[in-house]
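Heads up: the structure comes next, in structure tokens.
Bear in mind that the values in this text are calculations on the coordinates, not laboratory data. In this text the structure is predicted, and so the values were computed from the model without any measurement. Neighbour counts run over all protein chains shown; Cβ positions are idealised from the backbone, glycine included.
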Amino acid sequence: MQSHKSLKVLVVGSGGREHTLVRTCRQSPLCREVIAAPGNGGIKEDAACFDVPSDDVPGIVRLASDEEVDLVVVGPEVPLSLGVADALRDKGILVYGPGKDAAKLEASKTFTKELLQKYGIPTAASEIFTRSDEALAYLDRRSDYPVVIKADGLAAGKGVLIAADRVEAEAAVSACLEQETFGESGRSILIEEYLTGEEASIHLMVSGASFVILPSSQDHKRIGENDTGPNTGGMGAYSPAELVDSAMLETIRDGIARPSVDAIAREGLDFRGTLYIGLMLTASGPRVLELNVRFGDPETQVILPRMETDPLELMLACAKGGPVPETLKTRPESAMCVVISAGGYPGNYRKGDTIDLPKPLPRDTFVFHAGTVREPNGTLKTAGGRVLGVTAIARTLADAARDAYAACDRIRFSGMYFRRDIGAKQLSRQS
Ligand code: AMP
Ligand code: GLY
């Protein structure tokens, strides 16, 4: 058993997810100190920040050794896919986050699709192509549209195209395989069956064959209200996703989560971290859309504040490769996070606008920072596409929405934008 207040934790990353992780670690009875790299304008208020980019693997290892940290928690996928967890483990440092081999589950959609197919885990039917003539010949043989075209590698959420017809599909194939719009990431593609339904995010904390399912959530990926416009990193989330009721959760646990964790172990992948399963809840059952090897952003901003079991205790158990308990204690309330972005996001957006934040905030309302910087004179400025995430927890989702939006309406910066309809589908089902 880890003793009281003994751990020094390094959180790697600079988004809203990492701000939530920093706050969560700080609140843990196991935690003595949290530091972050590189952090952001809000993280700086909660932890000492070091100016090391998250994808500078040697820099992160050096920082963790110099600062004698006991545990590193890696937020984003890029450092994981570059092998930061392996490099830290080589130095004997505990890490929450999978090694490079297992990070391929996110870094290569073809790798994951083959794994899911091999182990019979429900997912969209799909074919893999590296040559455009073969992809086009395949499109000639099919008549059903829309069809989904996915670049194999990491593309910051932009590598998935839903083609309404043959013309759009051909353009997407050509963009990936001929014009190499996604570079190395688009050298192979998946052409995939289009699934309909509502999406849900299921996060597991995994340690080898042992795992625990975290509270369910739903993200809102499109920039515009009513799910219109281009995809983003995520414009808001809520938890729990009530579509994931206890029967659905059992189906997901037995038919998807357990078989995925077993498949990963059987393939010899050392997984100690978060497995995020992106699901489409179709009329014929849940189907895997994607696997990610880290916490979702903004899902983390609604999942972690609802956990009563200490997330740091679980992360530490995973990092050590020990078993994790099968169930956890969760707060019964609902949580909602509304993301405030800079005008223009996910296209070109402005930076450097001054942010006016309300203080004090009500007890169960939290402002998590993403793209912010704190200037030496104390002024807070915008510095990224997604700027802030406002989370509220309350007895009902409607109350959480009321509180989150009340705080959003008190925040000011030039060009700020947020969706007014986070959780709207769920709320209309309830009323
Ligand atoms: P992914 O990165 O694979 O999760 O894809 C990003 C988003 O594209 C998902 O969150 C879905 O909204 C959408 N998407 C991906 N695959 C499919 C599919 N087979 N059918 C319908 N929508 C999809
Ligand atoms: N919110 C989607 C993601 O983190 O991938």
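Details
- Annotation: the residues THR327, THR232, THR20, sorted from fewest to most other C-beta atoms within 10 Å of their own C-beta, follow the order THR327, THR232, THR20.
- As a proxy for reagent exposure, HIS4, HIS19 were ordered by neighbouring Cβ count within 10 angstrom, fewest first; the result is HIS4, HIS19.
- Taking Lys and Arg as +1 and Asp and Glu as -1, the other residues whose beta-carbon sits under 13 Å from that of ALA319 total 0.
- Cα gyration tensor, segment 89-202 - rounded (a/c under 1.5), prolate or oblate: prolate
- Look at the alpha carbon pairs under 8 Å that are at least 6 residues apart: their mean separation over the length of segment 260-368 gives a relative contact order of 18 percent.
- Helical runs assigned H by DSSP (4 residues or longer) give the chain a calculated mean residue ellipticity at 222 nm of -8000 deg cm²/dmol, each run adding -39500 (n - 2.57) before division by the residue total.
- For the chain, built as a Gaussian network whose Cα springs stay under 10 Å, the top-fluctuating residue of GLY97, GLY371, GLY343: GLY343
- Length-normalised contact order of segment 303-431 in % [C-alpha pairs under 8 Å, at least 6 apart]: 30 percent
- Here the contact order of the chain, divided by its residue count and restricted to Cα pairs under 8 Å and six or more residues apart, works out to 16 percent.
- For the options ALA247, ALA163, ALA319, a Gaussian network treatment of the chain with springs between C-alpha atoms closer than 10 Å singles out ALA247 as fluctuating the most.
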